[in-house]
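What follows is a short report on a single structure.
The values are calculated or read from the model by the stated rules, or taken from the named source; none is laboratory data. On a predicted model such as this, the values are computed, not experimentally measured, just so you know. Using ideal geometry, Cβ is built from the backbone for each residue, glycine included, and neighbour counts are taken over all protein chains shown.
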Amino acid sequence: MAGRAEKGKFIVIEGNDGSGKTTQLELLKNYLTKKQIPFQTFDFPQYQTFHGEFLGRLLNGEFGNLDNINPYLVTFPYALDRLGAASYIKAALDAGKIVLSNRYVTSNLAHQSGRLPKEKRRSFIDWNIELEYYVNGLPREDAVVFLYVPRKQASKLLRKRTRRGVDIAESDKQYLTGAEEAYLYLADRFDHWIKIDCTNEQGKILPKNEIHKKIVLELSSRHLI
């Protein structure tokens, strides 16, 4: 009887808006393909699903400005979207695959807590963790690759986007500042978060391949790939 496959590793790519998550996910996919390492990818929100379609409407402003919607309430459609993918993530991990996810629970921790006053962020984060990992039973990630681009540089990159419009969250400077603060807090609080500085000492964005090399080095040193 063949031995059971070793459980796979779950790696989340995170970062403030405009940090290059999709680009780095593609480079990591190419790396794993060349190394013949089996993997499966996920992308959240899943706009093609029932809950994801609702989120698209929410982010496009159909229900008003996000400032008028409590972060606790906003969390539920996001959580339902992720819950719908939980069994597929678990199956991939049980098959021994590396799971790569463009955003995950970790995005909600940052973006929604960042909308709250600083003194209320920790309690929200703790509540969100309990909801998704304990109540909903989502698989926990092994590592979060946090691509850090200071907000001013990230905003410049956002303005250059051509493939899709900028949603109401991404166009709100106060929102983006809060999210940046929350991301930095999370990276400092949790040991499995890996902060990747994507700018040089002069504040310019590093070449994408240089950022990719930093990611591979960090993941390899932790025996995740």
Specify which of the listed residues (Y72, Y88) is under 19 Å from the mean Cα position of the chain (by Cα) and surrounded by fewer than 13 Cβ atoms within 10 Å (Cβ to Cβ).
Y88
Quick check on the stretch 90-106. Is at least one of its residues farther than 24 Å from K195 by Cα, assigned to a helix (DSSP H, G or I), out of contact with any Gly (no Cβ under 7 Å at 6 or more places or on another chain) and touching a residue at least 40 places away in the same chain (Cβ under 8 Å)?
yes
The correct count of residues that are polar (S, T, N, Q) and surrounded by fewer than 17 Cβ atoms within 10 Å (Cβ to Cβ) in the stretch 1-39 is 5
Among the helices (runs of 4 or more DSSP H) confined wholly to the stretch 115-211, which include 2 or more residues that are modelled with pLDDT under 95 and surrounded by 15 or more Cβ atoms within 10 Å (Cβ to Cβ)?
151-159, 173-189
Considering only residues of the stretch 174-225 that are in contact with a strand residue (DSSP E or B) (Cβ under 8 Å, 6 or more places away or on another chain) and acidic (D, E), which is farthest from P150 (Cα to Cα)?
E218
Return the residues of the stretch 1-49 that are polar (S, T, N, Q), more than 11 Å from the chain's Cα centre (by Cα) and not in a loop (DSSP other than H, G, I, E, B); say none if nothing qualifies.
T23, Q24, N30, T33, Q40, T41
